[in-house]
């Protein structure tokens, strides 16, 4: 048992340590050095494992690429839809294209080194892959052992070419099985040809079918070996042809070929791609004319230059590795799509040529990437981001409308909303200005008003006419998770999309469009159910579903009906353009704080439970909502909980599917102490940085310089006690307008204890854009009533004030064919809500039938109507 004197000494020491840590700049503080070479702190195996029971595969790939490269050369493991899983010990080969997405995609043109026989079904062959200390994944380089074959593989890449170096054992035959029919989404047509020089294989693969869609693309390849092969053959999926020089597909996933070299060979293989033709692939081979080691060094240099645009200084190596690995993953996509000569295949299936000095990009997972990736790329890669935006404009020119979730040269229309719009708007807001902005706006407006008809029946905004007429998309009466779109999610997303149009139009001087779409940005309010205080789907009659807001998914469904990858509680928070309006609708700051506390008590639950799903995009911005309600220390705590418990420098170190860098970009922003909270704007809200110093390079030699002494290390300080911008103390939880253009100094002072006064004023909250808001929302229950002639019944009317101001309301109805309702008035409660009982009377002379009765609720200068159905003489019970 410790003596009392010893206990006192321990307490005294603890108090001294605590006092030192509370100080923002302790006298003994020595700032860590900036990371000198970021490329040395990336592990590409991070995120190649499993994100948990709900998430499944994270879907990152470990193989080499260069920033935004066409080729992403990496192993594929057996039965993994995205290509590679670190927990899988058998590989089908190394293919040239990959994507961290949630459906089978890419995996085109695979080659498997082996020392075994060709066998009777080489198209199904696999080899053991060793996930040991010899498996190395760093930017621009990957190596691994295939122990059963006793082969070591090394991979590197240029923008359009993958370069492999393979070491075979001395006393076993050296073979490659080359599969042109390897695409993970299935191959509808493919071809392979062994060229006469005995060093070259060419061919193509036609594939697509992303997430069950009907998209199709063709990729061509030219594969050049460093020495002549001594034996070869081909197959078509049913038969093998020794010495065969070409093979055409006879069924899906069919054609391929094999080549053989002397035992003990070391073979280098260069494989170039083109989406235009084989000649384009041959020309792209010239990018990799240097030796393997020179290509590897060049790729590493490219990555170091790219990663160095954000420099950090911290004491914890795990945090540094996790940060730079996340930044690496956020810079892999979208992908170069044009050949070295500038040619690319357009969305009209014609060959086009990109302007000299520019790049045509493909593969935009827009629903995932508009929230954080676009802002990050626009900020640190403005020229590339400008080309990305122009690429989408080019796609629209060729097809008639923007492609949603564009893969290669087709629109898959995967996911909800019109997310290509905020993607472009975020590129622009964060610095990408060098594209045809006026044409970009024209296509946005066309789709938002007319739907945006593309090719082959594609529509950018299906049923937009219904949406504009009603102010929301109705949920079909028979809606299930199969065969009908998630109407509530689409309506919320379109509200965000229209806000992004408003901001983009305003920046371009189109004030009329800006005002119109600012009003449309408030259509989310049409789905706000004041009975449940939640976002809820409505049917074509305008009725909300009776019962609780959150209901379990139907059997076999991934989400609650009406929502896409989530439920009503997870989506209620997704009104980033008008958080202040949402706070009012939910009953005010304290009511929201209490609800958020409960919602965030679990961090990563998946789509069924009413808690935070940090690993999925709709909830990405939730941690920063506390900044809007005067409790910024809770934002700081929550962001830190997510960073520290759901991310790590391991294969399983991400909480969700990375989705072309979306999850990784979230971490990059969170680690820098910033978050792009309002799509279509450059608003950055703050949290505690993870590093003591951060420097973000901007164009024209400008930079953002962040200091946060004590942010890293074993005794790190978690809370913001004050913030200075260019030496001026601010109380706002967001950065001043224009800061990202001009750059400057952010100085955080930190503490081990929450500061419950800094950033808590109403004026401290990030901006909300509430123009065009409704005054109130209304729900009536029951929405269908039955009453006999000469009798009366009653309904309950729930009213919620959506803007600050009016204290009273009035509910009235205009008589209709003998149906009338008595007017009622009342006052809103402190939370802005009210409940009233309205009596409905039916005249003795009213004939049997169904009658609409519209109740009008007025509050201040605003009003809202709700039309219910009165069934007269239909055999029901009368009301009170």
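Would you call residue 298 under 18 Å from residue 72 (Cβ atoms), at pLDDT 95 or above and surrounded by fewer than 19 Cβ atoms within 10 Å (Cβ to Cβ)? So residue 298 fits the description; yes. Criterion applied to 170, 165, 175 was being over 19 Å from residue 272 (Cα atoms) and part of a strand (DSSP E or B), and the one residue passing it is 175.
When the range 717-738 is filtered for residues that are touching a strand residue (DSSP E or B) at 6+ places or on another chain (Cβ under 8 Å) and at pLDDT below 95, the ones remaining, listed by number, are 717, 718, 736. If I go through the range 203-249 residue by residue, how many of them are in contact (Cβ under 8 Å) with a residue 60 or more places away in the chain and over 41 Å from the mean Cα position of the chain (by Cα)? Residues flagged as in contact (Cβ under 8 Å) with a residue 60 or more places away in the chain and over 41 Å from the mean Cα position of the chain (by Cα) within the range 203-249 amount to 2.
For the range 638-728, please list each of the strands (runs of 3 or more DSSP E) lying entirely inside it that holds at least 2 residues being touching a residue at least 40 places away in the same chain (Cβ under 8 Å) and closer than 25 Å to residue 421 by Cβ. Explain how you work it out, then say what you get.
Details: elements: 674-676, 684-686, 693-697, 703-707, 719-725.
Because the criterion is at least 2 residues that are touching a residue at least 40 places away in the same chain (Cβ under 8 Å) and closer than 25 Å to residue 421 by Cβ, the strands (runs of 3 or more DSSP E) in the range 638-728 that meet it are 674-676, 684-686.
With the requirement that a residue be within 21 Å of residue 659 (Cα to Cα) and not in a helix (DSSP H, G or I), what does the range 559-572 give you?
Residues of the range 559-572 that are within 21 Å of residue 659 (Cα to Cα), as a first pass: 559, 563-567, 570-571.
Within the range 559-572, 559, 563, 564, 565, 566, 567 qualify.
Against the conditions (1) under 19 Å from residue 330 (Cα atoms); (2) surrounded by fewer than 23 Cβ atoms within 10 Å (Cβ to Cβ); (3) touching a strand residue (DSSP E or B) at 6+ places or on another chain (Cβ under 6 Å), residue 43 satisfies every one except (3).
Do the conditions hold for residue 863, that is, is it within 30 Å of residue 579 (Cβ to Cβ) and at pLDDT below 95? Give the derivation first.
Working: within 30 Å of residue 579 (Cβ to Cβ): yes; at pLDDT below 95: yes.
Considered against the rule, which asks whether it is within 30 Å of residue 579 (Cβ to Cβ) and at pLDDT below 95, residue 863 comes out as yes.
When the range 262-295 is filtered for residues that are surrounded by fewer than 18 Cβ atoms within 10 Å (Cβ to Cβ) and over 13 Å from residue 224 (Cβ atoms), the ones remaining, listed by number, are 262, 263, 264, 266, 277, 279, 290, 291, 293, 294.
The values are calculated or read from the model by the stated rules, or taken from the named source; none is laboratory data. Fair warning: this is a prediction, and the values are worked out from it, not measured in the lab. A quick note on method: Cβ atoms are made from the backbone with ideal geometry, for glycine too, and the neighbour counts reach across all protein chains shown.
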